[in-house]
Structures are given as structure tokens and as C-alpha cells.
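Engineer: Have a look at this one before I ask anything.
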Amino acid sequence: MEAQKRLDQQIFLRSKSRSIDFMNAYQERNLNQMLAHCSSTCTVEFIPLGADGKGSAHSVGKAIWSSLIECFPNIDNTVHHVINEDGNAKCEVSIYGRQAKDFAGIISKGNEFEQNHIFVFKVNSKGEISSITVDWDHDSFVDQLTK
């Protein structure tokens, strides 16, 4: 039992470390470094986007993150908490920035947004991120940009 607890803690610590590295790369707006933390088969799911937000981190994730970085050139994040969720790193994160270009059908008014997000990172036995789920209040995000 004690050995299993230690193993579970090691898995979580590996997930936590890799998730922080990923979020630091996101903070630096370094898409290549973000994706370098992901396995070649890493999946991503942006929950509020439904089927359009689900797929490979190296295609769907890359497209969404690159668009965010382009349209919100000062996009930034603050990681508030990282907790153990079944060995995965569940990160409570604030993401914020000012819109400079139209994004996903939202015409830029130069508004700022600040939105809490939940990222859940799963890491494989090689220490690479193997899946990422992201959730946020999409209606609030849109409201902040359109009002």
C-alpha cells in the first residue's frame, strides 16, 4: 500500500512539473516549446468548443493556441493551484489579455478578458504530456470581448 502511494505521488509530481513547464511556455507565447512538452500522439480537448475543440495537440491545439497568441499578443496566465486528480495535474489558471485582431468570429474591439480555466494534464511513462483537457466559461469570455 505504501509503495503504491509513493508511485502515485511520483506520477503526480511528474505531471505537475510538466504542466508547469507547459504553462510557462504558454506564458512566454512559445508555441513550439508548448508542443515540445507533448507526446507526438498527445490529444487535446477544449470542452466548450465541442467536437471542433477535440483532436491532436499538434494540429487542433496548435491551431487554437497560435490563433490566441496572434490575436491576443499580450496573452498571459497565472497558475493559482495544481492539485492531484487521479495522478493527473489539475491546474486552476487565470488567462488574460487584450484582443488585437478578430478571433474565432469575435470582431476585435480592443477589449481585455480575464478568464479562469481548468487544465488537466495527463503524462505518459516517458514524462511527456499525453492529453490535455481545458475548460472555461465561454459565455463570459465572449461577453468580455464583445461589450
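The values are calculated or read from the model by the stated rules, or taken from the named source; none is laboratory data. As the structure is a prediction and not an experimental result, all values here were calculated from the model. Backbone-built Cβ (ideal geometry, glycine too); neighbour counts: all protein chains shown. Note: accessible area is taken over every heavy atom of the protein model, side chains too, but ligands, DNA and RNA are not part of it. Shrake-Rupley method; radii C 1.70, N 1.55, O 1.52, S 1.80 Å.
Engineer: Take the range 81-132 and flag every residue that is polar (S, T, N, Q) and more than 19 Å from residue 28 (Cα to Cα).
Structural biologist: Scanning the range 81-132 gives 84, 88, 108, 111, 124, 125, 130, 131.
Engineer: Within the range 116-131, is there a residue that is part of a loop (DSSP other than H, G, I, E, B), within 20 Å of the chain's Cα centre (by Cα) and more than 26 Å from residue 39 (Cα to Cα)?
Structural biologist: no
Engineer: A further question on this structure: Taking the range 64-98 as the region of interest, how many residues are open to solvent by less than 60 Å² (accessible area, probe 1.4 Å) and modelled with pLDDT of 95 or more?
Structural biologist: 21
Engineer: Just for the range 21-62: of the residues that are in a strand (DSSP E or B) and open to solvent by less than 20 Å² (accessible area, probe 1.4 Å), which one is farthest from residue 135 (Cα to Cα)?
Structural biologist: Looking only at the range 21-62, we keep the residues that are in a strand (DSSP E or B), and these are 38-46, 54-56.
The next check asks that each one be open to solvent by less than 20 Å² (accessible area, probe 1.4 Å); those that pass are 38-39, 42, 44, 46.
Working: 38: 19, 39: 21, 42: 17, 44: 11, 46: 6 Å.
Top of the filtered list is 39.
Engineer: Filter the range 4-20 for residues that are open to solvent by less than 60 Å² (accessible area, probe 1.4 Å) and farther than 16 Å from residue 134 by Cβ; which is nearest to the chain's Cα centre (by Cα)?
Structural biologist: 12
Engineer: Please find, among 141, 113, 119, the residue that is of a type in the set (A, V, I, L, M, F, W, C), under 30 Å from residue 7 (Cβ atoms) and touching a strand residue (DSSP E or B) at 6+ places or on another chain (Cβ under 8 Å).
Structural biologist: 119
Engineer: Open to solvent by 20 Å² or more (accessible area, probe 1.4 Å), at positive phi and under 15 Å from the mean Cα position of the chain (by Cα), is that true of residue 105?
Structural biologist: Here the answer is no, as residue 105 does not meet what is asked.
Engineer: Let me ask you something else. Can we say residue 100 is in contact with a Pro (Cβ under 6 Å, 6 or more places away or on another chain) and either among the small types (Gly, Ala, Ser) or touching a residue at least 12 places away in the same chain (Cβ under 8 Å) (or both)?
Structural biologist: Taking the combined requirement at face value, the residue satisfies it.
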